[in-house]
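Q: Got a structure for you, written out below as structure tokens; questions coming shortly.
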Ligand SMILES: Nc1ncnc2c1ncn2[C@@H]1O[C@H](COP(=O)(O)OP(=O)(O)OP(=O)(O)O)[C@@H](O)[C@H]1O
Ligand SMILES: [Mg+2]
């Protein structure tokens, strides 16, 4: 048995005439890992995930899921994976309990309805009809339906978009639990804190390709450094000067000011202030934060993740 | 997690864990929790039966309306005509008499004289009727003896009235539209909302998903047919001369044929507007030519082979034959074969092209 839960090579998906949604994407997700796909709108995350789920035929490339392939072992694979689509409507007029029971009936083995309903904290809404649930409750129900077959591999496409902070944290706990049980999770998200908190490894996808891959810390360290210093000041600062400051690794324009990525804050800040003072430039804003995946994305692509 | 489940009443395990049972239950629940679909399926056909049954109920025959042109002898002619209670006669001056004939207030104008003159339009059935009645009365008044006096046996039998013709047609129409909308529309709605995609991502058997639709149709048939036919029998004394078994068998075949067509129109459509258009395109011609509201025999002979080949024609003819003429299954095999053929062909084609994701 392969120790990879997901393996794909050279994945391509074209929509004629001129859209290339996925453009030669390689991915390896290990068993027991929580893997995150990050990227801006239209990067090709959903397309990739749906190909991996066997719901979309790729234009080219190879896919292996849990050591099996969709063209040969679809029936078997379906029972071993669980999914949430980025966007679905479940049957409007059925209750939470009825919907979970319906999905449970499709799987040869799995968890009880009450258990999964409890996992996503919808116990109180068990008898409520789907069309009377709030957006976040609907989303949690979708996750419950993904869990009900006790999947070895779970695909979650933006599972927490639109959830309140408490529900998000609850869902994180669910994912943590699954990981503890040795199951594999592939999720897409726009929330960098979520990816850093949940994922063992992440891939940053842009224009249908993986542009960076690694653990969140690795990526941050490798691509941006430890800290980001942003400041605004009237013109009169030269980029070359900033680059020469001790501890500064990279410099780029950020809005009206500058963003410096820095590995030793205690050296960089005093040097920056001294430099500005020597030039007679007054600071109008200064902030620092620990570098995040957002910074990784911005420095790789020059764009922000969510515009 | 608090699990209070054991305290609650639970469906038997067999039902809970059977995908087919759950799929059928899901469809039934969705249907009965939507008041408007319940109305269109069960209430509407009954309302239509009531409305049309009342509009076309048996009425005493219309009197013959005659005008007598004013002038010498007019009053004698009028009196001779008025002797029959089935004739209404009035004396009118020339201009008014012409107007009455033109507008249909009078079907005939009698110009008194020896012999009298009848002005009427022979292309109008009521004018021909009026001429015969008026002539008969005036001849007798002038002294013509009857060669013999025939005995009248009056017959107005259930089975020959419009409502008797109508009810099997409405039943056929209902089977058609329930199959087309209930399957075609619902499938595409599920596809458009990506519910179908979500279901296909589970190990659910696709055949069970489809079978659930057909089973649900049959369950509804079990309600629709007795409700509509029973209502028509009670309220309008519509006859049921054949067996319920024959009626049920034909209704089931019809439901299968139209389920297949519903599946076929839904097989590729991505959104409900498209499938709505397709459904109307398929159903509209059959509404008109397949003998729902009036007999398909009214269309020219050149069209008859096409009309005979339509599933709704076969279904309506068969239902009428069972209810009005008491036909048994043995006599209905051509219709049965046609419906079964449509069902088989449309299911096969639909599955060949069905867009699952
Ligand atoms: N059926 C389709 N036909 C044509 N283009 C499509 C189709 N589906 C997706 N695309 C295009 O493919 C690209 C990738 O879409 P995809 O949904 O995979 O993005 P995503 O990374 O999931 O974005 P988001 O974060 O907004 O969910 C987009 O440019 C989209 O417009
Ligand atoms: Mg997406």
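Where a number appears in this text, it was derived from the coordinates with a stated rule and is not lab data. Quick caveat, the model's predicted, so the values are computed rather than measured. Virtual Cβ from ideal backbone geometry, glycine too; neighbours counted across all protein chains shown.
Q: Using the count of nearby Cβ atoms within 10 Å as a rough guide to exposure, how do A:220, A:83 rank from fewest to most?
A: Numbers: A:220 23, A:83 26.
Listing A:220, A:83 from fewest to most nearby Cβ atoms yields A:220, A:83.
Q: What fraction of the DSSP beta bridges in the protein assembly as shown is antiparallel, stated in percent and rounded to the nearest 5?
A: Working: 41 of 68 bridges.
Around 60 percent of the beta bridges assigned by DSSP in the protein assembly as shown are antiparallel ones.
Q: Let's test the formula: R0 of 56 Å, r as the Cβ-Cβ distance of residue B:244 and residue B:121. What FRET efficiency results, to the nearest 0.05? Walk me through the numbers before you get to the answer.
A: Values: r = 49 Å, r/R0 = 0.87.
That pair, residue B:244 with residue B:121, gives E of 0.70.
Q: How would you rank B:177, B:290, B:243, going from fewest to most other Cβ atoms within 10 Å of each one's own Cβ?
A: Values: B:177 21, B:290 24, B:243 14.
With the fewest neighbours first, B:177, B:290, B:243 line up as B:243, B:177, B:290.
Q: If each residue of separation counts as 0.36 nm, what is the full-extension length gain between residue A:288 and residue A:15 once their alpha-carbon separation is subtracted?
A: Working: separation 273, 0.36 × 273 = 98.28 nm, distance 4.27 nm.
Between residue A:288 and residue A:15, full extension yields an extra 94.0 nm.
Q: Which value in deg cm²/dmol, rounded to the nearest 500, describes the helix-derived mean residue ellipticity at 222 nm for chain B, given -39,500 (n - 2.57) per DSSP H run of n ≥ 4 and division by the residue count?
A: On the way: 16 runs with 216 residues, N = 357.
About -19500 deg cm²/dmol.
Q: Assuming 0.36 nm per residue, please report the length gained on full extension of the stretch residue B:90 to residue B:295 beyond their Cα-Cα distance. Let's see the in-between values first.
A: On the way: separation 205, 0.36 × 205 = 73.80 nm, distance 3.81 nm.
My answer for the length gained is 70.0 nm.
Q: Where the centre of each part is set by its Cα atoms, how far does the range B:48-117 sit from the range B:288-307, in angstrom?
A: Cα centres, the range B:48-117 to the range B:288-307: 35 Å.
Q: Can I ask one more? Select from A:17, A:165, A:108 the residue whose mean-square fluctuation is largest in a Gaussian network model of chain A (Cα-Cα springs shorter than 10 Å).
A: A:17
Q: Just to be sure I understand: of the beta bridges DSSP finds with both ends in the range A:4-215, what percent are antiparallel, rounded to 5?
A: Values: 21 of 39 bridges.
Of the beta bridges lying entirely in the range A:4-215, close to 55 percent run antiparallel.
Q: Once the Cα atoms of helix B:125-141 and of chain B are each reduced to a long axis, what angle between those two axes, in degrees from 0 to 90 to the nearest 10, is obtained?
A: With rounding to tens, the tilt is 30 degrees.
Q: Another question, then. Counting only DSSP beta bridges with both residues in chain B, tell me the antiparallel percent, nearest 5.
A: 25 percent
Q: Now for a different question. Quote the relative contact order of chain B in percent (integer), defining contacts as alpha-carbon pairs under 8 Å separated by 6+ residues. Walk me through the numbers before you get to the answer.
A: On the way: 445 pairs, mean separation 68.2, N = 357.
Relative contact order here is 19 percent.
Q: Could you work out how far helix A:96-106 tilts from the main Cα principal axis of chain A, as a 0 to 90 degree angle to the nearest 10?
A: The two axes meet at around 70 degrees.
Q: OK, next. How much FRET efficiency would the formula 1/(1 + (r/R0)^6) give for residue B:51 and residue B:136, where r is the Cβ-Cβ distance and R0 is 45 Å, rounded to 0.05?
A: Details: r = 38 Å, r/R0 = 0.85.
Once the sixth-power term is evaluated, E becomes 0.75.
Q: Below 8 Å between Cα atoms, with a sequence gap of 6+, how large is the relative contact order for the range B:64-141 in percent? Show your work: numbers first, answer last.
A: On the way: 124 pairs, mean separation 27.4, N = 78.
This gives 35 percent for the range B:64-141.
Q: Once label points are set 7 Å from the Cα along Cα→Cβ at both residue A:59 and residue B:330, what is their separation, rounded to one decimal in nm?
A: Each label point is offset 7 Å from its Cα along the Cβ direction, giving 6.6 nm.
Q: Evaluate the relative contact order of chain A (contact order divided by residue number), counting alpha-carbon pairs under 8 angstrom at least 6 apart; express in whole percent.
A: Working: 601 pairs, mean separation 59.2, N = 307.
Contact order relative to length: 19 percent.
Q: Another question, if that's okay. Given springs between every Cα pair under 10 Å in a Gaussian network model of chain A, which of A:118, A:24, A:255 has the largest fluctuation?
A: For chain A, modelled as a Gaussian network with Cα springs under 10 Å, the answer is A:255.
Q: Which ordering of B:108, B:91, B:279 is given by a fewest-first count of other beta-carbon atoms within 10 Å?
A: Taking fewest neighbouring Cβ atoms as first place, the list is B:91, B:279, B:108.
Q: Now for a different question. Helix A:165-180 sits at what angle to the longest principal axis of chain A, using alpha carbons and giving 0 to 90 degrees rounded to 10?
A: For helix A:165-180, the angle is close to 70 degrees.
Q: Can you tell me the FRET efficiency between residue B:284 and residue A:72 if r is taken as the Cβ-Cβ distance and R0 is 35 Å, rounded to the nearest 0.05?
A: Values: r = 46 Å, r/R0 = 1.30.
With a Förster radius of 35 Å, E is 0.15.
Q: Can you give the extra length, in nm with one decimal, that the chain gains between residue B:18 and residue B:98 once fully stretched, where that is 0.36 nm per residue apart less the Cα-Cα distance? The partial results should precede the final answer.
A: Values: separation 80, 0.36 × 80 = 28.80 nm, distance 7.82 nm.
This chain segment gains 21.0 nm when fully extended.
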